[in-house]
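Colleague: Here you go, one structure.
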Amino acid sequence: MKVMVAYASKYGATQGIAQRLGKVLDECGYEVDVVKCADIDRASGYDAYLVGSATYEFNWRKDARRFVERNEAELSAHPLWLFSSGPLGTEQVDKDGKDVLEGARPKQFAEYSDTLHPRGMQVFRGAYDPDKIRGADRIIAWMPAIRDILPKGDFREWSAIDAWGKSIADDLQSADARP
Ligand SMILES: Cc1cc2nc3c(=O)[nH]c(=O)nc-3n(C[C@H](O)[C@H](O)[C@H](O)COP(=O)(O)O)c2cc1C
């Protein structure tokens with residue numbers, strides 16, 4: 001069974017998550033291609049898809065949104081999982097007591113839930129190095145109000161990423177996932 005893991009990443013954190021998910025699925029016996037959304041025109045020829053993006057200002061990156069637009073028919077006709085990277089930090093709840101991962105769901109999750117019917121949508125914590133960022137991100141990230149909510153560090157939770165990848169492998173093994 002062939003699985004595509006397509007990702008949009010600006011500074012590498014989401015790419016690392018995508019590669020890790022690909023490794024987990026590969027170790028579970030699937031034939032996996034981990035690809036950049038921007039590099040793929042038509043995403044045909046796979047039995048299942050994982051699509052992920054970094055979240056910036058509550059949105060998936062344009063490359064990922066365009067990939068979904070181009071491939072809506074293919075994605076909605078196959079088992080599909082969506083993931084995003086961001087937020088930063090280790091807190092479980094924010095200052096209002098709201099679950100941090102829940103609050104960091106990109107806007108696209110609600111929309112794609114209706115149009116693509118994914119089997120799962122997962123937010124993972126991301127990574128951020130202020131010395132690496134460029135252009136407009138640099139201006140936004142250094143605004144005092146923003147700086148406080150963008151702690152520096154690599155907060156990716158590899159055990160949660162591995163567990164999610166394994167749950168997808170298990171789901172694909174179940175009879176109803178077969179094309
Ligand atoms: C300018 C800026 C805006 C961000 N906005 C969000 C956001 O709205 N929600 C979120 O969860 N994370 C946000 N983040 C954190 C990034 O999503 C996180 O660093 C992510 O892991 C980066 O992935 P990448 O390296 O693949 O681009 C933001 C980071 C920066 C620098």
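Colleague: Just name the residue that is farthest from the chain's Cα centre (by Cα) out of those in segment 1-33 that are more than 16 Å from the ligand (Cβ to nearest atom) and part of a helix (DSSP H, G or I).
Modeller: For segment 1-33, the residue satisfying everything is GLU27.
Colleague: Could you check, for segment 65-74, whether at least one of its residues is surrounded by 20 or more Cβ atoms within 10 Å (Cβ to Cβ), touching a strand residue (DSSP E or B) at 6+ places or on another chain (Cβ under 7 Å) and closer than 14 Å to GLY126 by Cα?
Modeller: no
Colleague: Now a separate question. Hey, can you tell me all the residues within segment 138-159 that are touching a helix residue (DSSP H, G or I) at 6+ places or on another chain (Cβ under 9 Å) and assigned to a helix (DSSP H, G or I)?
Modeller: Across segment 138-159, the qualifying residues are ILE140, ALA141, ILE146, ARG147, TRP158.
Colleague: Please go through (1) within 30 Å of PRO130 (Cα to Cα); (2) surrounded by fewer than 22 Cβ atoms within 10 Å (Cβ to Cβ); (3) hydroxyl-bearing (Ser, Thr, Tyr) for TYR7 and return the number of the only condition it doesn't satisfy.
Modeller: Just one mismatch for TYR7, condition (2).
Colleague: For LYS36, state whether it is surrounded by fewer than 14 Cβ atoms within 10 Å (Cβ to Cβ) and either modelled with pLDDT of 95 or more or within 13 Å of the chain's Cα centre (by Cα) (or both).
Modeller: No.
Colleague: Follow-up. Give just the number: which of (1) among the basic types (Lys, Arg); (2) more than 16 Å from ALA13 (Cβ to Cβ); (3) surrounded by fewer than 12 Cβ atoms within 10 Å (Cβ to Cβ) does ARG119 not satisfy?
Modeller: With (1) among the basic types (Lys, Arg); (2) more than 16 Å from ALA13 (Cβ to Cβ); (3) surrounded by fewer than 12 Cβ atoms within 10 Å (Cβ to Cβ) applied to ARG119, the lone miss is (3).
Colleague: Of all residues in segment 110-137, which are of a type in the set (Val, Ile, Thr) and assigned to a helix (DSSP H, G or I)?
Modeller: Selection gives THR115 alone.
Colleague: Just checking, which of GLY153, GLY126 is touching a Lys or Arg at 6+ places or on another chain (Cβ under 8 Å), at pLDDT 95 or above and either surrounded by 12 or more Cβ atoms within 10 Å (Cβ to Cβ) or of a type in the set (S, T, N, Q) (or both)?
Modeller: Within the list GLY153, GLY126, the selection yields GLY126.
Colleague: Would you pick out the residues in segment 87-116 that are among the small types (Gly, Ala, Ser), surrounded by fewer than 17 Cβ atoms within 10 Å (Cβ to Cβ) and within 11 Å of the ligand (Cβ to nearest atom)?
Modeller: If the condition is that a residue be among the small types (Gly, Ala, Ser), surrounded by fewer than 17 Cβ atoms within 10 Å (Cβ to Cβ) and within 11 Å of the ligand (Cβ to nearest atom), then GLY89, GLY103 are the ones that fit.
Colleague: Let me ask something additional. Within the bounds of segment 117-126, is there any residue that is aliphatic (A, V, I, L, M), over 18 Å from the mean Cα position of the chain (by Cα) and under 18 Å from TRP60 (Cα atoms)?
Modeller: The answer is no, given that none of the residues of segment 117-126 is aliphatic (A, V, I, L, M), over 18 Å from the mean Cα position of the chain (by Cα) and under 18 Å from TRP60 (Cα atoms).
The values are calculated or read from the model by the stated rules, or taken from the named source; none is laboratory data. All values derive from a computational prediction rather than experimental measurement. Here Cβ is always computed from backbone atoms with ideal geometry, including for glycine, and neighbour counts include all displayed protein chains.
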